[in-house]
Amino acid sequence: MQRQILRELNDLKFPDIEVIVLSIKRFGILKMLETLKKSIIKCDKCSLCGELPLGPVFGIGKEKSRIMLLGEAAGKDEAILEEPFVGQCGQLLDKMLFSAGLKRRDLYITNVIKARPTKNDGRANRPPSDVEIAACKGWLWKEIQLVQPKCIITLGKVPTYTLLRSQLKKSFKLGDSVGVEYVVDYCDSRIFPSWHPSYLMLHGKKEVDSTVNLFKELKERFYGPRKAKNS
Ligand code: SF4
């Protein structure tokens, strides 16, 4: 069974959900996530990972987390350290999580794109192209199927549109969706759009406070009043 899963992952032909559930029971989520990582390392669906000085940037955190945080793509620090949200944006995210009573290790954190899209000969970040998102999003579906979060908080417009493109126009304003609860038909997770920390760094305390309040509200709802780590 594991060989079959690995073969399908390598081909990016994702197994049926029944096969995934059986595989999770048999091998455990951690093992399946490790298998996924091995497949991503070999991915050449677009040129981004081949341009990285180090490996791709995988999702990280609690493998059965009820809450998944979804960003856009790795930045410079993330590409170097091979972990999502570890630069200045990551520090702000950690502070907001702490204020909401959450810790990074309570969650599963990942990006739509498992690499750093760059411009100016690698000196600056750029948003991922539609082609890159289409190439990489299969890995994200797989992560969602394995972790099975009850709640996915999308940080910014790209991850929000990636998950909600059947419900939103490409020209949608993120501010109109922040805090709204979305139900999708391809998984059981509820989707909650929020701001990306890089936007919050530029737009002051009011949005930071409202984001912390959203995190608090979702923590209470999906982990209950107990500490998240005890759930
Ligand atoms: S960014 Fe995604 S699609 Fe592109 S090579 Fe890396 S893993 Fe594959």
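Taken together, the criteria place A74 among residues that are in the same structural domain as K119 (by TED's automatic domain parsing), in contact (Cβ under 8 Å) with a residue 12 or more places away in the chain, assigned to a loop (DSSP other than H, G, I, E, B) and within 13 Å of the ligand (Cβ to nearest atom). Within the range 147-159, take every residue that is hydrophobic (A, V, I, L, M, F, W, C) and away from the ligand (no atom under 16 Å from the Cβ) and give me the one that is nearest to I60 (Cα to Cα). Residue satisfying both the conditions and the ranking: V147. Looking across the range 179-213 at every residue that is at pLDDT 95 or above, aliphatic (A, V, I, L, M) and within 22 Å of R165 (Cα to Cα), the one that is surrounded by the most Cβ atoms within 10 Å (Cβ to Cβ) is identified as I191. Residues considered: R116, R66, R104. Of these, the only one that is away from the ligand (no atom under 16 Å from the Cβ), in contact with an Asp or Glu (Cβ under 8 Å, 6 or more places away or on another chain) and in contact (Cβ under 8 Å) with a residue 40 or more places away in the chain is R104. For first residues located in the range 43-56 and free of Cβ contacts under 8 Å to residues at least 24 places away in the same chain, partners that are near the ligand (Cβ under 7 Å from one of its atoms) and assigned to a loop (DSSP other than H, G, I, E, B) and lie 6+ apart or on another chain with Cβ distances below 8 Å form the pairs G50/D44. Each residue in the range 176-206 was checked for being within 21 Å of A73 (Cβ to Cβ) and in a helix (DSSP H, G or I), and 8 of them qualify. Number of residues in the range 117-133 that are of a type outside the set (S, T, Y) and buried (at least 17 other Cβ atoms within 10 Å of the Cβ) equals 5.
Checking the stated criteria, F14 turns out to be among the hydrophobic types (A, V, I, L, M, F, W, C), closer than 12 Å to W139 by Cα and at pLDDT below 70. The set of residues from the range 87-116 being assigned to a loop (DSSP other than H, G, I, E, B) and either touching a His at 6+ places or on another chain (Cβ under 7 Å) or buried (at least 22 other Cβ atoms within 10 Å of the Cβ) (or both) comprises L102, L107, V112, I113, K114, A115, R116.
Just checking, does the range 122-143 include any residue being part of a helix (DSSP H, G or I), without any contact (Cβ under 8 Å) to a residue 40 or more places away in the chain, hydrophobic (A, V, I, L, M, F, W, C) and within 13 Å of C187 (Cβ to Cβ)?
We begin by selecting, within the range 122-143, every residue part of a helix (DSSP H, G or I); these are 130-143.
Still in the running and without any contact (Cβ under 8 Å) to a residue 40 or more places away in the chain: 130, 133-134, 137.
Still in the running and hydrophobic (A, V, I, L, M, F, W, C): 133-134.
Adding the requirement that they be within 13 Å of C187 (Cβ to Cβ) leaves none.
No, the conditions are met nowhere in the range 122-143.
Identify all residues within the range 145-174 that are modelled with pLDDT under 95, part of a helix (DSSP H, G or I) and not hydrophobic (A, V, I, L, M, F, W, C); write none if there are none. Across the range 145-174, the qualifying residue is only Q145.
The values are calculated or read from the model by the stated rules, or taken from the named source; none is laboratory data. Source: prediction; values computed, not measured. Note that we place each Cβ from the backbone using ideal geometry, even for glycine, and neighbour counts take in every protein chain shown.
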